[in-house]
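Please treat every number below as a calculation from the coordinates, not as lab data. Please read all numbers here as calculations on a predicted model, not as lab measurements. Cβ placement follows ideal geometry from the backbone for every residue including glycine, while neighbour counts extend to all protein chains displayed.
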Amino acid sequence: MSNYPKTMKALVAYSQTDYRLETAYPTPECGPDDIILKVEGCGICAGDLKCQHGAPMFWGDAIQPGYVEPPFIPGHEFLGNVVEIGKNVKGYAIGDRLTADQIIPCGECKFCKSGQYWMCQPHDIFGFKNTVNGGMAEYVRYPKNTVMHKVPKALPLDKALLIEPYGCSKHAVDRANIQCTDVVVISGAGTLGLGMVTYAALKNPRALISLDMADDRLAKAKAFGATHTFNPSKVDVAKEINTLTDGYGCDIYIEATGHPSSVIQGLGLIRKLGTFVEFSVFGDSTTVDWSIIGDRKELDVLGAHLSPYCFPFVIEGITKGTLKTDGMIKTTFKLEEWEKGFEYATGKHGDLKVALIP
Ligand SMILES: [Zn+2]
Ligand SMILES: [Zn+2]
């Protein structure tokens, strides 16, 4: 028998322009293959912001179909405690503290069958469809195939909320295959970029350079292990990097800003036969002369999506402190204050990660 109420507080997206806080939304029901969590907190992702701001990649336009299926409850960066377990679910107990990969693999498509579950063809991600509601609510359902992970009970919430974003940071850095001789540039020192810096520092590259337009973020990057930091609005970054590399350019450029100008900057900074990793979700398209990728530099251009197989390492790293997290979450808001939370999550008040507490 369930020991929690039949209705709950939840932020519900009914349409591109209609997000509403509901105070008596139906609590998810626990099917035989499900787990119900009481949510402790849910981070606000740049993706949640772009969705709420109406980005075409979520709501569709003339070029791409929509992805979201309203009404849905947003949020994929959440964790919570188990309050009910379906009869077919093994290995978990009431009270377990859990988090999960943001994708729920179908288990049947060719990607899932070959272990590449993060590119699952149906692509159900928490917080964008009514069948897989997210964590901006008091309760959430983990359906069958959810890639769940136990979170140590003693790990403070402000650190535990970084597990999902840091998982994505790790995957992007892993794509770059950093060697100890490499000069690595990470463009963008938001939550994801800083997660990349603290993880990439463990690989001990020859130089680890963080770029951002905000000096306080660059100071954080330095504290997290960047060997050099540059603000492109203040210094000639190309000149600095050429000085560091005898005029060749950086070996690896990881793009974590979501701004077209950062893509163009990276293609310019990178050396011949270098590696470019694209992580971001963009609000606008990028126009650039593609000859640079082939004819001029013969680059490896790689994508990075989600956080496959990254959670166990990240949970251990955050718990032990090998992955730095200090000061990443300065502000949390109650679910009722979601509009303020979304505003702070843009970073305009100097915040990195902002979370909602239901
Ligand atoms: Zn996210
Ligand atoms: Zn699949």
* Taking segment 193-221 only, how many residues are part of a strand (DSSP E or B) and closer than 23 Å to F313 by Cβ? -> 2
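Results for (1) free of Cβ contacts under 8 Å to residues at least 60 places away in the same chain; (2) more than 16 Å from ligand 2 (Cβ to nearest atom); (3) surrounded by fewer than 17 Cβ atoms within 10 Å (Cβ to Cβ), shown as yes or no for each residue.
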| position | (1), (2), (3) |
| --- | --- |
| A93 | yes, yes, yes |
| G107 | yes, no, yes |
| G115 | yes, no, yes |
| Q121 | yes, no, yes |
| M136 | no, yes, no |
| V140 | no, yes, no |
| K170 | no, yes, no |
* Has segment 280-292 got at least one residue that is crowded, with 21+ Cβ neighbours inside 10 Å and either out of contact with any Pro (no Cβ under 6 Å at 6 or more places or on another chain) or at positive phi (or both)? -> yes
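Here is a list: D174, D124. Which entry is farther than 22 Å from D48 by Cα and out of contact with any Leu (no Cβ under 9 Å at 6 or more places or on another chain)?
After applying the criteria, what remains is D174.
Kindly establish whether S261 is among the hydroxyl-bearing types (S, T, Y) and either surrounded by fewer than 15 Cβ atoms within 10 Å (Cβ to Cβ) or in contact (Cβ under 8 Å) with a residue 40 or more places away in the chain (or both).
Yes: the conditions hold for S261.
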* Asked: Would you pick out the residues in segment 222-258 that are within 21 Å of A200 (Cα to Cα), assigned to a loop (DSSP other than H, G, I, E, B) and among the polar types (S, T, N, Q)?
  -> T227, N231, T245, T257
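Restrict the check to segment 213-224 and report whether at least one residue is more than 18 Å from A256 (Cβ to Cβ), of a type in the set (K, R) and touching a residue at least 40 places away in the same chain (Cβ under 8 Å). Break it down into steps so the answer makes sense when it comes.
Step one: list which residues in segment 213-224 are more than 18 Å from A256 (Cβ to Cβ), which gives none.
Taking every residue of segment 213-224 in turn, none turns out to be more than 18 Å from A256 (Cβ to Cβ), of a type in the set (K, R) and touching a residue at least 40 places away in the same chain (Cβ under 8 Å).
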